[in-house]
Amino acid sequence: DIKFKAGDMKHIFKKVVAPYLPKRLLERKDKMGFPTPLTQWLQGEANTFILDILNSNKARQRKIINNRQVAEQIDKEAKFSRQTWGFLCLEIWQQTFHDQADNFKKLIRNE
């Protein structure tokens, strides 16, 4: 309901900025995203890269998300679905920042 209320995308954002923007900008319908062939990428050229990330030791040890199960579902991803893509981005973020937190703390202490 916060991001998508009654078919209205970015509901909260629009409510916050409404006093500052012309109504015609808030209600415009001519702007659209474009579909990307994520399913083809997941099952094609990027498949090995994605499986390497999701099946890494760190990824398999995550307690919140079962990355092994996510990796097993890649071939079943619906066309234009972004579910696996979201999990992949989260895992890359975790490896980049969460898993490196101790290194960042060391850098801060040395300054």
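The values are calculated or read from the model by the stated rules, or taken from the named source; none is laboratory data. Since we're looking at a predicted model, the values are computed, not measured. Don't worry about glycine lacking a Cβ; one is built from the backbone with ideal geometry, like all the others, and counts go over all protein chains shown. Quick note on the areas: whole protein, heavy atoms, side chains included, nothing else; ligands and nucleic acids left out. Shrake-Rupley method; radii C 1.70, N 1.55, O 1.52, S 1.80 Å.
Observations
- Descending Cα extents along the principal axes, region 53-94, whole Å: 28, 18, 16
- When Rg and the Kirkwood Rh are both derived from Cα coordinates, the Rg/Rh ratio for the chain amounts to 1.12.
- Taking the chain as a Gaussian network of alpha-carbon nodes connected by springs under 10 Å, the highest mean-square fluctuation of the residues 88, 21, 42 belongs to 21.
- Computed from the C-beta positions of residue 29 and residue 85, the FRET efficiency with R₀ = 30 Å rounds to 0.70.
- Rounded accessible area of residue 16 (nearest 10 Å², 1.4 Å probe): 90 Å²
- GNM flexibility winner over the chain from 86, 44, 33 (Cα, springs under 10 Å): 33
- Filter on 15/106; 15/58; 79/105; 31/79; 10/76 - keep pairs with C-alpha separation over 32 Å: 15/106; 15/58; 79/105
- J(HN,Hα) series, region 11-24, from Karplus relation 6.51 cos²θ - 1.76 cosθ + 1.60, nearest Hz, glycine and proline x: 3, 5, 4, 5, 5, 5, 8, 3, x, 10, 10, x, 4, 4
- Counting only alpha carbon atoms, the long axis of helix 101-110 and the longest principal axis of the chain meet at about 90°.
- For the chain, the longest principal axis of the Cα atoms and the long axis of helix 83-93 meet at an angle of about 60 degrees.
- Inter-probe distance in nm under a simple model that places probes 7 Å from Cα toward Cβ, at residue 47 and residue 95: 1.9 nm
- A probe of 1.4 angstrom, applied to the heavy atoms of all protein chains, finds residue 93 with accessible area near 130 square angstrom.
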